[in-house]
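Since every read-out is calculated from the coordinates, none of them should be taken as a lab result. Quick caveat: nothing in here was measured; it's all calculated off a predicted structure.
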Amino acid sequence: MSWEERKLRLVAPLDGGDLATVYRALEREHGGKACAVSVLHQSLDNLDAVAAKLQERVVQARAVSHPVKVEAEGVFTINGTTALVMEYVDGKDLERIVKREVLTGPVAAHIVAQLVELLIAAKQSDVAHGLLSPTRIRVQPGGRVSVLGLGGKIGSGIDADDPLFTEDRGARRYAAPEMLGGLLTSAMDVYAVGAILTYMVSGRWPKRPAKQARAHAVVADGASMSV
């Protein structure tokens with residue numbers, strides 16, 4: 001699959017995972033504006049499918065306007081590689097912050113309040129996140145929250161084997177187990193917010209008892225029938 005060519009200069013690596021390595025980049029034109037570029041690993045077996053899914057989420061997210069949302073431009077070809085170009089935001093993601101020190105109740109509430117505002121605005125446009133995790137929530141200097149990766153269409157199918165869920169430090173552990181294998185709903189984001197809040201104030205992500213697996217499977221059948 002071919003994508004439009006973008007002229008960007010990759011400056012420094014910011015993060016990385018199973019799907020991509022993220023760089024801070026500068027426009028070669030327009031005064032050298034900074035942006036973030038997720039360069040997909042070109043060795044991925046399903047590279048084209050992952051890129052297409054990312055582009056689909058970008059298009060759907062354009063229906064939502066909110067200051068907490070990190071704006072994504074879309075998928076492009078950069079120096080011969082397939083990459084997602086998005087707004088560059090300063091700060092650290094929640095996972096790195098909480099690894100150093102658990103957050104106090106007021107600080108955690110401040111972060112969650114901004115996150116919930118975005119989710120409410122998204123639902124009004126029939127958009128959910130569905131991939132929420134601490135790595136997709138950044139806290140900038142001054143306390144402003146920025147959320148990456150918005151763009152799930154409410155009512156769309158959720159595949160538990162989707163590479164966007166199974167990536168390194170991915171969203172699966174924060175996703176409602178009864179929703180995986182069903183349909184994306186706003187309830188999926190509500191569950192994730194609760195799991196992330198638990199992580200912020202305790203330093204541990206919620207674990208699911210194995211004995212509940214059968215019950216989750218039963219609920220999944222029901223969740224797949226509703227939005």
In terms of modelled amide H atoms, which long-range or inter-chain residues lie less than 5 Å from the amide H of GLU71? GLU87
Note: the range 21-75, point scatterers on Cα, Debye, no solvent; log10 I/I(0) at q = 0.15, 0.27 Å⁻¹ equals -0.56, -1.12
The long-range amide H neighbours of ALA176, using H built 1.01 Å from N in the peptide plane and a cut-off of under 5 Å, are ALA192
At the level of C-alpha centres, the distance separating the range 98-143 and the range 172-193, in angstrom, is 16
In whole angstrom, the spacing between the Cα centers of the range 5-27 and the range 48-66 equals 18
Max mean-square fluctuation residue, GNM over the chain, Cα-Cα springs under 10 Å, options LYS207, LYS123, LYS153: LYS207
Could you list, bin by bin from short to long, the percent of Cα-Cα pairs of the range 92-151 in 10 Å steps? 21, 55, 21, 3
If you plug each phi of the range 85-93 into the Karplus form 6.51 cos²θ - 1.76 cosθ + 1.60 with θ = phi - 60°, what whole-Hz ³J(HN,Hα) values come out, in order, with x for Gly and Pro? 9, 9, 4, 8, 10, 7, x, 10, 7
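Could you give the alpha-carbon Rg of the range 130-208 over 2.2 N^0.38 Å, rounded to two decimals?
Values: Rg = 12.5 Å, N = 79, 2.2 N^0.38 = 11.6 Å.
Scaled against compact globular proteins, the figure is 1.08.
Which semi-axes, in whole Å and largest first, does the equivalent ellipsoid of the range 60-182 have when worked out from the alpha carbon gyration tensor as the square roots of 5 times its eigenvalues?
On the way: eigenvalues 99, 70, 55 Å².
Taking √(5λ) for each eigenvalue gives 22, 19, 17 Å, largest first.
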Interchain or long-range residues, amide H under 5 Å from THR82's placed H: LEU40
I need to check one value: relative contact order of the range 147-205, counting alpha carbon pairs closer than 8 Å and at least 6 residues apart, in percent. 33
The chain: Rg/Rh from Cα coordinates, Kirkwood Rh? 0.96
Given only helices, namely DSSP H runs of n ≥ 4 each adding -39500 (n - 2.57), what is the per-residue ellipticity at 222 nm of the chain, to the nearest 500 deg cm²/dmol? -10000 deg cm²/dmol
The range 1-114: translational diffusion in µm²/s, Stokes-Einstein, Kirkwood Rh over Cα pairs, 37 °C, 0.692 mPa s: 209
